[in-house]
Number of protein chains: 2
Amino acid sequence: MNTVPLNREQVNKIVADNKIESLGKASIREVKKVINDVEKAFDFKFVRMEMGIPGLPTVKVGVDAQIQALKDGVSAIYPDIYGTLELKQETKRFVKNFLDVDIPEDSCVPVTGSMQGSFASFMTVTRMDEKKNKLLFIDPGFPVQKQQCRILGIETETFDVYQYRGEKLREKLESYLVKGDIAGIVYSSPNNPAWFCFNEEELQIIADVANKHDVVVIEDLAYFGMDFRKDISKPGIAPFQPTAAKWAKKYILMISGSKVFSYAGERIGVIVISPELYAWHTDYMKKYFAQDTFGRAIVYGTIYALSSGTSHSVQYGLTAVMKECNEGRYNMVEGIREYERKAKFMKDALVENGFEIVYDKDMNVPIADGFYFTFNYPGMTGEQTLNELVYYGISAISLDITGSDQQGLRACVSLVPNDMLPVFAERVKQFNIDHKK
Amino acid sequence: MNTVPLNREQVNKIVADNKIESLGKASIREVKKVINDVEKAFDFKFVRMEMGIPGLPTVKVGVDAQIQALKDGVSAIYPDIYGTLELKQETKRFVKNFLDVDIPEDSCVPVTGSMQGSFASFMTVTRMDEKKNKLLFIDPGFPVQKQQCRILGIETETFDVYQYRGEKLREKLESYLVKGDIAGIVYSSPNNPAWFCFNEEELQIIADVANKHDVVVIEDLAYFGMDFRKDISKPGIAPFQPTAAKWAKKYILMISGSKVFSYAGERIGVIVISPELYAWHTDYMKKYFAQDTFGRAIVYGTIYALSSGTSHSVQYGLTAVMKECNEGRYNMVEGIREYERKAKFMKDALVENGFEIVYDKDMNVPIADGFYFTFNYPGMTGEQTLNELVYYGISAISLDITGSDQQGLRACVSLVPNDMLPVFAERVKQFNIDHKK
């Protein structure tokens, strides 16, 4: 096996052969491809942190229920567009048990992954009011959500929230919403890529400003339960997953099955639409929809048109997993705590060897250890850090492609095997020896 | 049990309670809801023909393979956006074996049902050339495809092909394409709702006109293999499923798993993109896509944004079914011939009792018996026939909502149980006794 640093010229040639100017500007999939090529050329195993992919098996009770549903013949029957009754009911309970929010089961609609959830939300929210046709993204964020807007021809506004935490967020949001052309505010918490979490004060600010300007809050809960500083796993008992739904009038929550239940392969999630948003109707929506309320439009208009609903068998799978959580038999937080342990080890190794964590605090509180973290080497841009790290057998993505104004990299811990953790520490140490001034 | 005709006032009240002016103008789902209510109020079982839903179990080898894939853990792993290698390879073979068309495996991309296939196709085809932003539908057709365009803000042109079969089709298509604003021509063959099939001469005309004006042919093969006049089930042996792909340069074929393999519940289909279309690039597409060819744009741009690809386990299921067909172990035509037998019985009963088949011929050849047929009672509009038939315990949908200019109804045979066939014949007979002049 080769040792680090790898031969620079040879690595550079592979990058050039992939027609990539600099890895620090490359997309996730481009980085993946280059690292595959480098690993092959050097017969050398990287510590791979570029992909945000869950690395655990799906919760077993879910797979078992999905298999049983297939044996029962659901694969032949079109799923109802609005979802199976059982999944709607378990989602309603789940939202009450773990978010402490009361909603009717009609508000809960399965989607073909949160990817479809955001696509459907963006598409419907911007077609309700002729004047409100833009989306405001609180960045950094998941790049594909901006790609969804680009394809749909939806204009976006964005800002990096790094300098606007706490009460400062109110004025910043006001400065956009006051223009009157924003239909919805989009953010994820825990945040992809920076892993910060909005606290309750900030979530209430988002809701207040949105309510004032009659704007829809679109909250991406892709990393539900993964702020490991708080154990939200006990049904009906505080603490709960923090959410703007406690205060917002018009909101959509996106709950993904991919991360918390490791159900990424089957493309399953649910969206939760607030009753006030569900009942909202406008004259302008008739241009796009045969339905006369937002709720009916997103279900029978948008989601029907996107894929005729969500795969039938996996709805049974997700129902079973949620039921286990609701009844206290499965602890979803314990099921994914391995990510926390890995993140702590890796962040410690980095900090001990001269690196710094970029998004390091929620106001005055250190951020959680979890699925992602951000880091950088002092005196370098994020792009430079990534380009150098590759010679040391470590891959990640640059924050440049996530809407962040900060210099640094995003790392995802999930695909790093346990036996690579000491290897990671050694490589980071060598990097620091070679680069410290 | 009640006898026909049912009490008219009571039926009329249920229709009015559903806030429906006339069943002849109602959507499929509205008809379904009213008939549910009528069945319940009268404790009376209808011959239900309004929904186009497969009524057979999924091909077993597919379900077995899907279950095995779940046991092997695929549910945890994001599917590749462009589909599993095995499904791409089997689709390539399937297209060669049953359509007699050669394409590379890259051209074959799984989708979350043909619903996603058409959405993705419409969205991408109309974002390639600023001037070509409309779609031309050869009607009658599947109403939801127009709904997809409406939501996307895509303008459509349509005409009822009833009067334009054969060589007349060329001039009619020319009259639209000559304007230069059509990006794609959309049609299904076998046709939903009318069940006519374009013959090879007509498919070549569509391809010729499209080639002349550099327009994409979007062929919906939802009812693959279901023109039972020709047995296309022998791999590599004529006759083949007729397709414009034999002559068109830029085309997309949509092959649904829902009907021919009764796999509707899992939302699985494949689209086949011609190599010339796949490689097509324009400057204008940069407005919407980061990719520089149509093929990469529809896969990594559109399909990624719509749902991050297609559920993983069912890709294994469809692969297994296609492999069985490709290797001659499963006869897909025999698997669904029950629809033919039912259609023949029901059409005979109607014609014997004074009804007429509306779309009755492909040029000079009687149309096939299959999943759908169209019919009407002489001297009545389609709306009147439907409103009257409901008193006789028979439901269908009006052709008015399908883009057809003809008077009549669409019937789907799949949900009619065998033991209801004699009941259907009796009710039709009674209808004729009560209405003939």
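Of the residues A:Ser311, A:Ser256, which single one is in contact (Cβ under 8 Å) with a residue 40 or more places away in the chain and either more than 11 Å from every other protein chain (Cβ to nearest Cβ) or closer than 24 Å to B:Gln147 by Cα (or both)?
A:Ser311
A:Arg410 - would you say it is open to solvent by less than 10 Å² (accessible area, probe 1.4 Å), more than 10 Å from A:Arg48 (Cβ to Cβ) and charged (D, E, K, R)? Write out each step before concluding.
Working: open to solvent by less than 10 Å² (accessible area, probe 1.4 Å): yes; more than 10 Å from A:Arg48 (Cβ to Cβ): yes; charged (D, E, K, R): yes.
Spelling it out, A:Arg410 is indeed open to solvent by less than 10 Å² (accessible area, probe 1.4 Å), more than 10 Å from A:Arg48 (Cβ to Cβ) and charged (D, E, K, R).
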* To do: Scan region A:31-52 and give yes if some residue there is under 23 Å from A:Ser256 (Cβ atoms), modelled with pLDDT of 95 or more and touching a Cys at 6+ places or on another chain (Cβ under 6 Å), otherwise no.
  => yes
* Asked: Out of all the residues in region B:106-127, is one or more part of a loop (DSSP other than H, G, I, E, B), surrounded by fewer than 20 Cβ atoms within 10 Å (Cβ to Cβ) and away from chain A (no Cβ under 14 Å)?
  -> no
* Tally, over region B:16-32, of residues that are open to solvent by 20 Å² or more (accessible area, probe 1.4 Å) and part of a helix (DSSP H, G or I) -> 7
* Residues of region B:300-331 classified as at pLDDT below 95 and among the hydrophobic types (A, V, I, L, M, F, W, C), total -> 0
* **Among the candidates A:Met322, A:Met332, A:Met363, A:Met346, residue that is on the phi > 0 side of the Ramachandran plot, hydrophobic (A, V, I, L, M, F, W, C) and more than 14 Å from chain B (Cβ to nearest Cβ)** => A:Met363
* Structure fact -> When B:Asp37 is run through (1) out of contact with any Lys or Arg (no Cβ under 7 Å at 6 or more places or on another chain); (2) touching a residue at least 40 places away in the same chain (Cβ under 8 Å), the failure sits at (2)
* Residue satisfying all of: in region A:155-192; in contact with a helix residue (DSSP H, G or I) (Cβ under 8 Å, 6 or more places away or on another chain) and of a type in the set (Asp, Glu); surrounded by the most Cβ atoms within 10 Å (Cβ to Cβ) among these -> A:Glu157
* Asked: If you check B:Leu85 against the conditions, is it among the aliphatic types (A, V, I, L, M) and open to solvent by 10 Å² or more (accessible area, probe 1.4 Å)?
  -> yes
* Asked: Taking region B:259-282, which residues are in a loop (DSSP other than H, G, I, E, B) and touching a residue at least 24 places away in the same chain (Cβ under 8 Å)?
  -> B:Lys259, B:Val260, B:Phe261, B:Ser262, B:Tyr263, B:Arg267, B:Ile268, B:Ser274, B:Trp280, B:Thr282
* Please go through region A:48-71 and pick out each residue that is in contact with a Pro (Cβ under 9 Å, 6 or more places away or on another chain) and under 29 Å from A:Val428 (Cα atoms). => A:Gly52, A:Gly55
* To do: Go over the candidates A:Gly83, A:Gly52 one by one and state the one that is closer than 30 Å to A:Met346 by Cβ and small (Gly, Ala, Ser).
  => A:Gly52
* Asked: Can B:Arg427 be described as under 26 Å from B:Thr158 (Cβ atoms), touching a residue at least 40 places away in the same chain (Cβ under 8 Å) and of a type in the set (D, E, K, R)?
  -> no
* Asked: Cβ-Cβ below 8 Å, separation at least six or inter-chain, first residue in region A:156-169 and within 18 Å of A:Gly180 (Cα to Cα), second part of a loop (DSSP other than H, G, I, E, B) and among the small types (Gly, Ala, Ser): which pairs?
  -> A:Thr158/A:Gly141; A:Thr158/A:Gly403
* Asked: Can you list the helices (runs of 4 or more DSSP H) found entirely within region A:283-397 that contain at least 1 residues being farther than 30 Å from B:Pro143 by Cα and either open to solvent by 10 Å² or more (accessible area, probe 1.4 Å) or in contact with a Phe, Trp or Tyr (Cβ under 6 Å, 6 or more places away or on another chain) (or both)?
  -> A:312-326, A:332-336, A:338-352, A:382-391
* To do: Would you be able to say whether some residue in region B:254-264 is within 15 Å of the chain's Cα centre (by Cα), closer than 20 Å to B:Val61 by Cα and open to solvent by 10 Å² or more (accessible area, probe 1.4 Å)?
  => yes
* **Output for region A:69-105, where each listed residue is without any contact (Cβ under 8 Å) to a residue 40 or more places away in the chain and either of a type outside the set (Gly, Ala, Ser) or in a helix (DSSP H, G or I) (or both)** => A:Lys71, A:Asp72, A:Ala76, A:Leu85, A:Lys88, A:Gln89, A:Lys92, A:Asp102, A:Glu105
* To do: Report yes if some residue within region B:61-75 is more than 10 Å from every other protein chain (Cβ to nearest Cβ) and within 25 Å of the chain's Cα centre (by Cα); otherwise report no.
  => yes
* If you go through region B:197-227 one residue at a time, how many are in a loop (DSSP other than H, G, I, E, B) and under 16 Å from the mean Cα position of the chain (by Cα)? -> 8
* Is there a residue in region B:228-250 that is open to solvent by less than 10 Å² (accessible area, probe 1.4 Å) and within 14 Å of another protein chain (Cβ to nearest Cβ)? -> no
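Is there a residue in region A:33-46 that is buried (at least 17 other Cβ atoms within 10 Å of the Cβ) and within 14 Å of another protein chain (Cβ to nearest Cβ)?
No, region A:33-46 contains no residue that is buried (at least 17 other Cβ atoms within 10 Å of the Cβ) and within 14 Å of another protein chain (Cβ to nearest Cβ).
Can you name every residue in region B:128-154 that is of a type outside the set (Gly, Ala, Ser) and away from every other protein chain (no Cβ under 12 Å)?
Listed by number, the residues that qualify are B:Met128, B:Asp129, B:Glu130, B:Lys131, B:Lys132, B:Lys134, B:Leu135, B:Leu136, B:Phe137, B:Ile138, B:Asp139, B:Pro140.
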* Here are B:Arg8, B:Arg93: which of them is surrounded by 18 or more Cβ atoms within 10 Å (Cβ to Cβ), at pLDDT 95 or above and basic (Lys, Arg)? -> B:Arg93
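The values are calculated or read from the model by the stated rules, or taken from the named source; none is laboratory data. Quantities reported herein were computed from a predicted structural model and do not represent experimental measurements. Please note: Cβ atoms are built from the backbone with ideal geometry, for glycine as well, and neighbour counts cover all protein chains shown. Protein only, heavy atoms only, side chains kept; ligands, DNA and RNA dropped before computing areas. Shrake-Rupley method; radii C 1.70, N 1.55, O 1.52, S 1.80 Å.
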